[in-house]
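The values are calculated or read from the model by the stated rules, or taken from the named source; none is laboratory data. All of these numbers come straight from a predicted model, not from anything done at the bench. Backbone-built Cβ (ideal geometry, glycine too); neighbour counts: all protein chains shown. When the accessible area is computed, the model is the full protein with side chains, heavy atoms only, and any ligands, DNA or RNA have been set aside. Shrake-Rupley method; radii C 1.70, N 1.55, O 1.52, S 1.80 Å.
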Amino acid sequence: MKGTVGELGEFGLIRELTSRLTTTPAVRLGPGDDAAVVAAPDRRVVASTDVLLEGRHFRRDWSTAYDVGRKAAAQNLADIAAMGAVPTAVLLALVVPAELPATWPVELMDGIRDECQVAGAAVVGGDVVRGETITVSITALGDLRNHEPVMRSGAQPGDVVAVTGWLGWSAAGLAVLSRGFRSPRAFVEAHRRPEPPYHAGPAAASLGATSMTDVSDGLIADLGHIAEASKVRIDLHTAAIDVPTQMSDIGQAVGVDPLQWVLTGGEDHAIVATFPPDVKLPARWKVIGEVVNPSALPQVTVDGAPWERAGGWDHFGDEDLPEAEDD
């Protein structure tokens, strides 16, 4: 495809984007009308929205449009799974400059579509508008399938804390990219395209999870939300947390303790949950801590002590993506 978004025009762009979409049985009416219609067998709809802003959440010299699409969809679909629900549909709101090559939003949509297929969902509509900064906002919908939602407020003293998925990989990949390198590739790809374990959310609900969340802002930060909502203390055991050898090598090369990435790095979208201690967890789950009565304010501790360093991503902090260094 040649030309820019401005040359293609609003309705030309919409036609290009919607022509690439697939559907699922849950979609009763897809793009093309005033609104979409999605089946909700449970009669309750789980919904979540996130925004990606160029320069704040992604850089076009680090990630392709397809990468950004996969990432944008993943972070929203992971929220649905973290409630114990099954993703069904997403809506896209897109802001792009008129001079942007028309191939960029088309490849973005390909990434969103493909990530939806991994989760069993479909793109059902959205909106496009002209603006100075590329902004990608996705709303994801899901169905609870007759389960109760697994909220942050249900953790009980005596519960175990278990996680499934990657921890710290995206942060390590960001450290690599910010220094102008592109390898180790597995960590760079983890930053560009996270791989949430979507199946684990509904499975955890069936196992009796008492609370759950996805790790979007950092393990300590996100477990902190559970601790606060449940009015408990959560203690993490570092001896139970795996740090891959390659991650340790990256940490040594850049002068960072890799445990910092594992405990505070975001955007991996692993699923972390609390379970009653008598629940037999499948092998994919790793027990990494316990829930105890708070001795003071609800908080997350590490090996029994408060974590004194930064706890994770803050969307109103100063953490714009850094400039890449030369090789």
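Give me the dipole magnitude in Debye, nearest 20, for the chain about the Cα centre, with unit charges on the beta carbon: positive for Lys and Arg, negative for Asp and Glu. Provide the component values of the computation, followed by the final result.
Numbers: 26 positive and 45 negative charges, 198 e Å.
In debye, rounded to 20, the chain gives about 940.
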For segment 231-298, state which trypsin sites (Lys or Arg not before Pro) are in a DSSP loop and have at most 13 other beta carbons lying within 10 Å of their beta carbon. Lys231, Lys280
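Across all directions of projection, what mean area in square nanometres is found for the Cα convex hull of segment 208-294?
Numbers: hull surface 25.0 nm².
Mean projected area of the Cα convex hull: 6.3 nm².
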Excluding residues fewer than 8 positions from Lys286 in its own chain, the aspartates and glutamates with Cα under 18 Å of it are Asp159, Glu195, Asp214, Asp222, Asp235, Asp242, Asp268, Asp278, Asp303
Determine the share of the chain's accessible area contributed by carbon and sulfur atoms, expressed in whole percent, with a 1.4 angstrom probe. 51
Could you work out how much longer the chain between Phe181 and Thr133 gets when fully extended? Use 0.36 nm per residue separation minus the Cα distance between them, nm to one decimal. 14.7 nm
What do you get for trypsin sites (Lys or Arg not before Pro) in segment 133-194 restricted to DSSP loop and a cutoff of at most 15 other Cβ within 10 Å of the site's Cβ? Arg145, Arg179, Arg182
For segment 1-103 the GluC sites (Glu not before Pro) that pass both the DSSP coil test and the at-most-11 other-Cβ-within-10 Å test are Glu99
State, in angstrom, two size descriptors of the chain derived from its alpha carbons: Rg to one decimal place and Dmax to the nearest whole number. 20.2, 63
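With a 1.4 Å probe and all protein chains left in place, how much accessible area per residue does the chain have, in Å²? Provide the component values of the computation, followed by the final result.
On the way: 14840 Å² over 327 residues.
Spelled out: the 1.4 Å probe surface of the chain, per residue, equals 45 Å².
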For segment 124-150 and segment 227-295, write down the distance between their C-alpha centroids in whole Å. 28
Highest GNM mean-square fluctuation among Ala283, Ala40, Ala171, for the chain with Cα springs under 10 Å, belongs to Ala283
Whole-percent tail of the Cα-Cα distance distribution for segment 1-86, cut at 23 Å, equals 41
For the chain, set up a GNM with springs between Cα atoms under 10 Å and report which of Gly126, Gly142, Gly265 has the largest fluctuation. Gly126
Sum -39500 (n - 2.57) across every DSSP H segment of at least 4 residues in the chain, then divide by the residue count to get the 222 nm mean residue ellipticity, nearest 500. -9500 deg cm²/dmol
